[in-house]
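Some notes on the structure that comes next.
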Amino acid sequence: MVRVPFRGRRARTPAGLEDEETRALVAGAAAAAAAEVDTPPAVQPDLTAAAFFDCDNTMMMGASLFWFARGLAARKYFTGRDVASFVWQQAKFRVAGTESAVDMHTVRDNALAFIAGRSVEEISSAGEEIYDELMADRIWAGTRVLAQQHLDAGQRVWLVTATPIELASVIARRLGLTGALGTVSEIVDGKYTGRLVGEMMHHEAKAQAVRALAEREGLDLTRCTAYSDSSNDLPMLSLVGTAVAVNPDTELKAVARSRGWLVKDFRTGRKAARIGVPTLGAAALGGGAVSGLLALRRRNRWPF
């Protein structure tokens, strides 16, 4: 059995951790352990059914991690060039999940390097402010309604996202959701080391996190529902009894149709173009993150 590093002490790498499947298992277990769990807000709670929502392009327009990085850049945590490098890594990671081992390790090792040495309290506080400034107005109203329907039925609702758990928890709390399963970072003495616990919450790691949480909370996965925009989330979507494609990329739309899954698309004409909702090849670039970055570059004349 893989030993899962606990938050608050230095994580130790178990033998074989470099195996991709093992890293996903460790990341999933860590995310489930970090997830907040509240009693369903209903007179008759439904304790064995739940809903799991991807965040980027499913619950929120664009990439939450990009807006977080942009907010931190505005607070002088790092430079515009750092943002560009970070967004490019995230874009490559999001494309297909089939990058080379070097690419995967680079994304994993550098994902939170920009906040290494910062305190958890400091970053969590910044996340609250950045949500209000850059994210609150980018929540898809249609997806928010879907989440509320599950809550009204007495079911618990979690975000499942590659976004750091601290920011994911802020988003979930502001939306009135139960909690979040996000990327867990190593923390020593209340500060980030810049390393991740296992793997980013991506692809198979999401399925592992949902499976671990279901076991802990006594959920019946055949009664659960998952929502996502990306074919990268097929492991999670295939794990539950009901899968819904929301604002789907081309591949996910095709899979959804072939499997008879419900498709919800809240993107429309001019609004989609304005916020940079991806189409065709642009879908690989994180749902408007790159277009937003270019706009930021022009406005601030950053040299990259």
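Selection within region 175-199: residues that are over 14 Å from the mean Cα position of the chain (by Cα) and among the small types (Gly, Ala, Ser). The member of this set that is modelled with the lowest pLDDT is GLY198. Look at ARG195 and say whether it is open to solvent by 30 Å² or more (accessible area, probe 1.4 Å) and in contact with a strand residue (DSSP E or B) (Cβ under 8 Å, 6 or more places away or on another chain). Yes, satisfied.
Exactly one residue among GLY281, GLY292 is surrounded by 19 or more Cβ atoms within 10 Å (Cβ to Cβ) and either part of a helix (DSSP H, G or I) or at pLDDT 95 or above (or both), and that residue is GLY292. I'm trying to understand the selection: among the residues of region 119-133, which are touching a residue at least 60 places away in the same chain (Cβ under 8 Å) and either open to solvent by less than 30 Å² (accessible area, probe 1.4 Å) or within 23 Å of ASP56 (Cβ to Cβ) (or both)? Within region 119-133, VAL120, ILE123, ILE130, GLU133 qualify. A search for C-beta distances below 8 Å between a residue of region 210-232 that is under 15 Å from GLY28 (Cα atoms) and any residue that is at pLDDT below 95 and among the β-branched types (Val, Ile, Thr), counting only pairs 6+ apart in sequence or on different chains, returns GLU217/VAL37. Residues of region 211-249 that are among the small types (Gly, Ala, Ser) and over 21 Å from LYS264 (Cβ atoms): ALA212, ALA214, GLY218. Looking across region 219-238, the residues that are out of contact with any strand residue (DSSP E or B) (no Cβ under 7 Å at 6 or more places or on another chain), assigned to a helix (DSSP H, G or I) and under 18 Å from HIS150 (Cα atoms) come down to LEU221, THR222, ARG223.
The values are calculated or read from the model by the stated rules, or taken from the named source; none is laboratory data. It should be emphasised that the depicted structure is a prediction, and the values quoted were computed from it without experimental measurement. Every residue, glycine as well, gets a Cβ built from its backbone with ideal geometry; the counts of neighbours run over all protein chains shown. Heavy atoms of the whole protein, side chains included, go into the accessibility calculation; ligands, DNA and RNA do not. Shrake-Rupley method; radii C 1.70, N 1.55, O 1.52, S 1.80 Å.
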